[in-house]
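In what follows, a structure is listed as structure tokens, so that the remarks can point back to it.
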Amino acid sequence: MTIKAVVFDAYGTLFDVQSVAGITEAAFPGHGETITQLWRLKQLEYTWLRGLMGAYADFWTVTQDSLTYTLETLGLSATPDFVATVAEAYDALALYPEAREALEALSPLRLAIFSNGSPAMLGRLVAQAGIGDLLETVISVDEIGVYKPDPRGYAHVEARLSLARDEILFVSSNGFDIAGARAHGFRVARIARLPDDTLRRDLAGAATIGPALMFKALRLRPERLGFEADVTIATLTDLAALVARGEDAWGR
């Protein structure tokens, strides 16, 4: 089948989660790097735990809870109001530099976001990045109350777009999301901004493995779950050429 829609993950794919570092450092001088990495790791872990527990709470709650956990772990104190203020950094993540160009190049197709973010968070994020005019829709897991990589989430994307799974190209940089989308049957493109051999050299050459490097080792590589991306590309701007290749791009 022909690709009719390209669906993007938001956090880490279109938007740089590392861009909260300036805010965390300003809020807690000397701890910004550690907070940035632990916060994101725990944020994802809480989505998976809540999924397994059947105890859904929206991503704004998860984002605040994971930040609170991080601060408590580091022995840092903050009022709930200050935690919420710092957590708002996730509503103002930097758009990756090539993202707008990539979306514009794909404009003949239907474009959407599918994300763990709550509708309010995603609305603010898309608005501040100025890309709303390039997207047909923004789909949140909040609509069905299950987090990725629950297969019900990817099925919800099909239903919202009224398309068959073979007509959808799913794009992500997150290994768990790639595995989930691929297991569901989507065609999947992995964005690998950090080449694996570069990561291996960085790990081998590091005197100590700090929080940022540990995060890269845990979150920027494909998961070994038996469901790998159809294709791996270095940047979002490679997508237009990939789609133009048609069936030759997938090798299925």
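The values are calculated or read from the model by the stated rules, or taken from the named source; none is laboratory data. No experiment lies behind these values; they were computed from the predicted model shown. Every residue, glycine among them, receives a Cβ derived from its backbone with ideal geometry; neighbour counts consider all protein chains shown. What goes into the accessible areas is simple: the full protein's heavy atoms, side chains included, and nothing from ligands, DNA or RNA. Shrake-Rupley method; radii C 1.70, N 1.55, O 1.52, S 1.80 Å.
So with the 1.4 Å probe, I'd like the accessible area per residue for the chain, rounded to whole Å². The partial results should precede the final answer.
Values: 11010 Å² over 252 residues.
Heavy-atom accessible area per residue stands at 44 Å².
So what is the relative contact order for the chain, in percent, with contacts set as C-alpha pairs under 8 Å and at least six apart?
24
Using only the alpha carbon atoms of region 25-169, find the Kirkwood hydrodynamic radius as the inverse mean reciprocal pair distance, in angstroms to one decimal.
Over region 25-169, the inverse of the mean reciprocal pair distance is 16.7 Å.
Protein chains only, probe 1.4 Å: how do Lys148, Lys216, Lys42, Lys4 rank by accessible area, largest first?
Lys4, Lys216, Lys42, Lys148
Leaving ligands, DNA and RNA out of it, work out the accessible area of Arg110 with a 1.4 Å probe and give it in Å² to the nearest 10.
About 80 Å², rounded to the nearest 10.
Starting from the amide H of Phe170, placed 1.01 Å from N in the peptide plane, find each other amide H under 5 Å away whose residue is 5 or more places distant or on another chain.
Those qualifying (amide H under 5 Å, at least 5 residues apart or on another chain) are Val7, Arg187, Val188, Ala189.
Tell me, what HN-Hα J-couplings in whole Hz come from the Karplus equation 6.51 cos²θ - 1.76 cosθ + 1.60 at θ = phi - 60° for each residue of region 224-229, using x for Gly and Pro?
For region 224-229, the Karplus-derived couplings read 9, 10, x, 10, 9, 4 Hz, x marking Gly and Pro.
Specify which residue in the list Phe186, Phe82, Pro97 is farthest towards the positive end of the charge dipole of region 67-214, using unit charges on the beta carbon of Lys, Arg (+1) and Asp, Glu (-1), about the Cα centre.
It is Phe186.
Per-residue accessible area for Tyr69 at 1.4 Å probe radius, Å² rounded to 10?
Approximately 100 Å² of Tyr69 is accessible to the 1.4 Å probe.
I'd like the antiparallel share, as a percent to the nearest 5, of DSSP beta bridges with both residues in the chain.
If we restrict to bridges inside the chain, about 10 percent are antiparallel.
First compute the accessible area of the chain with a 1.4 Å probe, then give the percent of it belonging to carbon and sulfur atoms.
Values: 6060 of 11010 Å².
Using a 1.4 Å probe with all protein chains present, the chain comes out at 55 percent carbon and sulfur.
Averaging sequence separations of C-alpha pairs under 8 Å and six or more residues apart, then dividing by the length of region 159-252, give the relative contact order as a whole percent. Kindly include the intermediate steps, with their values, before the conclusion.
Details: 110 pairs, mean separation 30.6, N = 94.
It comes to 33 percent, rounded to a whole number.
With charges only on Cβ, +1 for K and R and -1 for D and E, what is the dipole size of region 32-130 about its Cα centre, in debye, rounded to 20?
240
Would you mind pulling out the separation of the Cα centroids of region 189-214 and region 1-53, in Å?
17
Lys/Arg Cβ at +1, Asp/Glu Cβ at -1, dipole of the chain taken about the Cα centre: which of Leu203, Val138, Met121 is farthest positive-ward?
So the residue we want is Leu203.
What is the distance, in nm, between label points placed 7 Å from the Cα along the Cα-to-Cβ direction at Ser107 and at Thr85?
Modelled inter-label distance: 4.1 nm.
Size of region 22-72 along its principal axes in angstrom, Cα-based, largest extent first?
Here the Cα extents, ordered largest to smallest, are 37, 17, 15 Å.
Name the shape class, rounded, prolate or oblate, that the alpha-carbon gyration tensor gives for region 84-168, where a ≥ b ≥ c are the square roots of its eigenvalues, rounded holds for a/c under 1.5, and otherwise prolate holds if a/b is larger than b/c and oblate otherwise. Don't jump to the answer; show the numbers that get you there.
On the way: a/c = 2.35, a/b = 1.13, b/c = 2.07.
Note, shape of region 84-168 comes out oblate.
Using +1 on the beta carbon of Lys and Arg, -1 on that of Asp and Glu, and nothing else charged, what's the dipole of the chain about the Cα centre, debye to 20?
Magnitude of the dipole: close to 540 debye.
Output the Cα-based Rg and Dmax of the chain in Å, rounding Rg to one decimal and Dmax to a whole number.
17.9, 55
Just to compare against my own numbers: the Cα pair-distance distribution for region 45-119, 5 Å bins, whole % per bin, please.
3, 12, 17, 18, 16, 13, 10, 7, 3, 1, 0
As a test of reading the structure, rank Ser162, Ser172, Ser107 by solvent-accessible area (1.4 Å probe, protein chains only), most first. Intermediate results must be reported in sequence, preceding the final value.
Working: Ser162 100, Ser172 0, Ser107 75 Å².
The ranking, largest first, comes out as Ser162, Ser107, Ser172.
Could you give the dipole magnitude of region 101-192 about its Cα centre, charging the beta-carbon of Lys and Arg +1 and that of Asp and Glu -1, in debye to the nearest 20?
260
Report relative contact order for region 1-100 in percent, whole number only (criteria: Cα-Cα under 8 Å, sequence separation at least 6).
RCO, region 1-100: 35 percent.
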